[in-house]
1. Given a 1.4 angstrom probe, what's the average accessible area per residue across the chain, in square angstrom?
2. Ranked from the most accessible area to the least, with a 1.4 Å probe and all protein chains present, what is the order of Tyr99, Tyr40?
3. Find out how many positive minus negative residues lie around Met1, taking Lys and Arg as positive, Asp and Glu as negative, among other residues whose Cβ is under 10 Å from that of Met1.
4. Determine the sum of side-chain charges near Thr31: Lys and Arg each +1, Asp and Glu each -1, restricted to other residues whose C-beta is under 12 angstrom from that of Thr31.
5. Using 0.36 nm times the number of residues separating Ala83 and Lys41, minus their current alpha carbon distance, what extension gain do you get?
6. Tilt of helix 17-31 relative to the longest C-alpha principal axis of the chain, in degrees (0 to 90, nearest 10)?
7. From the protein chains alone at 1.4 Å, what is the descending order of accessible area for Ile88, Ile20, largest first?
8. Before rounding to the nearest 500, sum -39500 (n - 2.57) across all DSSP H runs of length at least 4 in the chain and divide by the residue total; then give [θ] at 222 nm in deg cm²/dmol.
Amino acid sequence: MSFIVVMAELAPKEGAEDKIIPLAEALVEETLKEEGNIDYKFLKSVKDGTFMFVEQWESVEALSKHMASPHFQLFSKESADLAKGMGIKVLGAEEVNLYE
């Protein structure tokens with residue numbers, strides 16, 4: 001099975017963590033309902049406090065629809081002033097069966 005993996009890092013400005021978390025919670029809740037979403041996690045690095053979204057999508061089309069969705073657009077708009085920066089990696093991946 002092939003799919004799309006997205007790893008997005010968001011570095012919050014000082015004091016902005018508590019504002020980003022509820023925005024991310026709403027984004028995750030709505031995203032998990034989307035057609036084509038396999039998994040969507042919001043994590044916090046124990047090393048430096050950076051937030052991470054780790055996502056799996058069935059296709060580029062499903063990811064594109066997500067990025068155009070009202071909940072993604074709202075998160076992007078509302079979190080823009082709360083972040084020092086954001087980095088995104090999008091990878092095509094194929095599952096490896098280790099037990100064949």
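1. 68
2. Result of the area sort, largest leading: Tyr99, Tyr40.
3. Here the count lands on -3.
4. -4
5. Length difference between fully extended and current span is 13.3 nm.
6. Rounded to the nearest ten degrees, it is 30.
7. Correct descending sequence by accessible area is Ile88, Ile20.
8. -10500 deg cm²/dmol
The values are calculated or read from the model by the stated rules, or taken from the named source; none is laboratory data. Just so you know, these numbers come straight off a predicted model, no measurement behind them. Methodologically, a virtual Cβ is constructed for each residue, glycine included, from the backbone with ideal geometry; neighbour enumeration extends over all protein chains shown. In case anyone asks, the SASA skips ligands and DNA or RNA and just uses the protein heavy atoms, side chains included. Shrake-Rupley method; radii C 1.70, N 1.55, O 1.52, S 1.80 Å.
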